[in-house]
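Structure, as structure tokens:
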């Protein structure tokens, strides 16, 4: 029997606010354990939460960007469960009246563009963190770090519209791009800023009733999500084909062993005994406030990509890569404002610049080669001051310090030889030393000119202007 895969994703985006959702404690990552807490986020008796306005605005931006319906009023609720790193014994979240509902994202699938519906986006607080590290004095104990308690989250819940692990991967890439463009989340999965839980089930093809689902947790990269889903698809298929029944449960993904292990039975919403949070009033979203948020939002990725194709005559492939990150698109536009060979700018960003960013593990705004320095380099290529291969050597130096491009070119001695008489002298020597190749060329084997060009470049120390070398060589060989 053939089975259809049904996947829905729950993504938690940690919102980029300086303080927590209901108190003034810092959200800075990497602080000493339990150093960023107060009576409110520790759940002390008698304390009252105060909602952070920036959290609401971030959630509204997400809702607008995902074509969602904005809920007003929206209400906070208590989600009751007991866990060592949840000091209050409940999480303040949203239930039946979230801030955003009925949105969608469009992704690429094997059959073309596909709309993935988003059931809801809601605001909530994060729990703390249980630590089981060997370098603690009492390694057999579980340590609790409550710094993360009260950190603001937006949970984005997709409909079960994804049909493969690859589609889930594409959805996550698109969602991460969106939250980073909006500036509401840094998208860093390694630091837990973006976390994903996946619900997956299988059903016979053609059947509309959903199968028994399992939930996958503990996935801290997009590739881990894809691998975990492929593992679970294979596991459930094997169970169903052998006549067994899939148990509804929560599974922890172990990337080191490439397997999922059972954690607990899967909860339903009634297990959490939701009820309205009595200490927080409903949040009303006025039209004026919403209009203000819309006006503050940046150009979104799909719109920017379409504009780059039209305005800069880039291919769809180039435009998508350039616009994959807002900072990269900004870098391109700063260069394009002063240099009109847009394709050359694009080639360098996609090629050498991307290579250095990956090797150094830095973002483009930390690259020493600023748009202005890149333009200086490209002008030197355009004016035949240096060759394209020499430009890569100059670029490699430019990423190390802030010397002017012209100074680097002079210090490396990479200026092209474009003097015709000097080139003719080098070419004559090469031709005199290559009688067999000259004879082959005159006999009709014209491809040998590539060898001769290489010899001239070698003799000039790589400084000869390749275009002029080709031109002069052909003139001399055709006589």
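The numbered conditions (1) farther than 30 Å from residue 73 by Cα; (2) touching a strand residue (DSSP E or B) at 6+ places or on another chain (Cβ under 7 Å); (3) in contact (Cβ under 8 Å) with a residue 60 or more places away in the chain are all true for residue 230 except (2). Might you let me know whether region 311-320 holds any residue that is free of Cβ contacts under 8 Å to residues at least 60 places away in the same chain and touching a strand residue (DSSP E or B) at 6+ places or on another chain (Cβ under 7 Å)? So far as region 311-320 goes, no, none of its residues is free of Cβ contacts under 8 Å to residues at least 60 places away in the same chain and touching a strand residue (DSSP E or B) at 6+ places or on another chain (Cβ under 7 Å).
Given the criterion outside any strand (DSSP E or B), touching a helix residue (DSSP H, G or I) at 6+ places or on another chain (Cβ under 9 Å) and within 28 Å of residue 177 (Cα to Cα), identify the matching residue among 64, 121, 107.
None of the others qualify; the one that does is 64.
State all residues of region 73-91 that are touching a residue at least 24 places away in the same chain (Cβ under 8 Å) and surrounded by 15 or more Cβ atoms within 10 Å (Cβ to Cβ); if no residue qualifies, say none.
74, 75, 76, 77, 78, 79, 80, 85, 86, 87, 88, 91
Of everything in region 149-159 that's within 23 Å of the chain's Cα centre (by Cα) and either in a loop (DSSP other than H, G, I, E, B) or not assigned by TED's automatic domain parsing to the domain that holds residue 122 (or both), which residue is surrounded by the most Cβ atoms within 10 Å (Cβ to Cβ)? So the residue we want is 151. Report whether or not residue 225 is under 20 Å from the mean Cα position of the chain (by Cα), assigned by TED's automatic domain parsing to the domain that holds residue 55 and not in a helix (DSSP H, G or I). No. Inside region 19-29, can you point out the residues that are assigned to a loop (DSSP other than H, G, I, E, B), within 18 Å of residue 192 (Cβ to Cβ) and free of Cβ contacts under 8 Å to residues at least 24 places away in the same chain? Listed by number, the list holds a single entry, 28.
Listed by position, the helices (runs of 4 or more DSSP H) inside region 312-352 whose residues that are farther than 22 Å from residue 388 by Cα number at least 2 are 316-322, 326-336. Taking the criterion of being in a loop (DSSP other than H, G, I, E, B) and in contact (Cβ under 8 Å) with a residue 24 or more places away in the chain, the residues of region 188-205 that qualify are 189, 190, 191, 192, 193, 205.
Kindly establish whether residue 246 is in a loop (DSSP other than H, G, I, E, B), crowded, with 17+ Cβ neighbours inside 10 Å and touching a strand residue (DSSP E or B) at 6+ places or on another chain (Cβ under 9 Å).
Answer is yes for this residue.
Inside region 45-61, residues that are surrounded by 21 or more Cβ atoms within 10 Å (Cβ to Cβ) and in a helix (DSSP H, G or I) make up a count of 5. If you go through region 109-118 one residue at a time, do you hit one that is farther than 23 Å from residue 37 by Cβ, at pLDDT 95 or above and buried (at least 21 other Cβ atoms within 10 Å of the Cβ)? Scanning region 109-118 turns up at least one residue that is farther than 23 Å from residue 37 by Cβ, at pLDDT 95 or above and buried (at least 21 other Cβ atoms within 10 Å of the Cβ). With under 50 Å from the mean Cα position of the chain (by Cα), surrounded by 18 or more Cβ atoms within 10 Å (Cβ to Cβ) and at pLDDT 80 or above as the only criterion, which of 456, 430 stands out? The conditions single out 456. When residues in region 36-54 are screened for being at positive phi and under 31 Å from the mean Cα position of the chain (by Cα), 0 of them pass.
Residue 377 meets all of the listed conditions (1) more than 30 Å from residue 323 (Cβ to Cβ); (2) in contact (Cβ under 8 Å) with a residue 12 or more places away in the chain but one, namely (1).
The values are calculated or read from the model by the stated rules, or taken from the named source; none is laboratory data. What you are looking at is a predicted structure, and each value in this text was computed from that prediction instead of being measured. Glycine gets a Cβ as well: all are built from the backbone with ideal geometry, and neighbour counts include every protein chain shown.
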